[in-house]
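Novice: Let me give you the structure first, and then I'll get to my questions.
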Amino acid sequence: MSVISEENVRGGSVFKDISADDEDWQPTEIESLCMNCYQNGTTRLLLTKIPFFKEIIVSSFSCANCSWSNTEIQSVKSGGATEELGTKITLNITDPSDMSRDLLKSETCSVLIPELEFELGMAALGGKFTTVEGLLKDIKDLIVAKNPFVCGDSGTTDRVQKLNEFGEKIDKVIAGEINVHIVLDDPAGNSYLQNVYAPDPDPEMVIEKYSRSFEQNEELGLNDMKTEGYQQEN
Ligand SMILES: [Zn+2]
């Protein structure tokens, strides 16, 4: 983070509003070590402001050598990776236009689609700045296209059929043929879903803030940190 001067952060002049369609980003590029193959890769740092959310630093690493990539999101305001409270965002998808809502999924965010009995754990997709449609396509890609049960020898007909059915349902959600809820549950509080009615409340979206459990703090590695004012639960 040393490449970004405090003055720039405080002055706010480097921030601009972004959307996932915006190709006019001007990230700072730094050569850095790939944690996968230990060759040199590139980290792109982008300081940006999401309207009605907050100022964030998006740090995307990619390695030309082994193709490994990773995206991390940090909050500028809290000066670290974690908000005071966790956030659970529930969107009721009712219209095809919901697909173009901007979506920021931090690397600690789980994704749930209750109607499809689907849950994606926090580490599975990494951090992403995308749209609802982009996230659904990534989920389909991960669950169906890249699934060893579909591609490999170990696949049973029954299992493959279920995964393919899941993929077809995702396609129908994207096409607006079936309505589902998408839940973004982020104990670090760094995930965001665009409210298209902002600054008014979004009738189809519920945002719940919650205090993390001891276990969730444990998962985020926060119990080891000596943060002033932080009380460990007993
Ligand atoms: Zn690499």
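Novice: Are there strands (runs of 3 or more DSSP E) fully within segment 45-92 with at least 2 residues that are more than 16 Å from the ligand (Cβ to nearest atom), at pLDDT 80 or above and among the hydroxyl-bearing types (Ser, Thr, Tyr)? List them.
Specialist: Details: elements: 55-62, 69-75, 86-92.
Result: 86-92.
Novice: Say whether the condition of being within 30 Å of TYR38 (Cα to Cα), among the small types (Gly, Ala, Ser) and open to solvent by 60 Å² or more (accessible area, probe 1.4 Å) is met by at least one residue in segment 88-103. Even if it seems obvious, please write down each step before you answer.
Specialist: In the first step, residues of segment 88-103 are kept if they are within 30 Å of TYR38 (Cα to Cα); the result is none.
No, because not a single residue in segment 88-103 is within 30 Å of TYR38 (Cα to Cα), among the small types (Gly, Ala, Ser) and open to solvent by 60 Å² or more (accessible area, probe 1.4 Å).
Novice: In segment 185-205, which residues are aromatic (Phe, Trp, Tyr) and either open to solvent by 40 Å² or more (accessible area, probe 1.4 Å) or within 12 Å of LYS88 (Cβ to Cβ) (or both)?
Specialist: First, the residues of segment 185-205 that are aromatic (Phe, Trp, Tyr): 192, 197.
Selection gives TYR197 alone.
The values are calculated or read from the model by the stated rules, or taken from the named source; none is laboratory data. None of the values given here were measured: they were computed from a predicted structure. So basically every Cβ, Gly included, is an ideal-geometry build from the backbone, and we count neighbours across all protein chains shown. Protein only, heavy atoms only, side chains kept; ligands, DNA and RNA dropped before computing areas. Shrake-Rupley method; radii C 1.70, N 1.55, O 1.52, S 1.80 Å.
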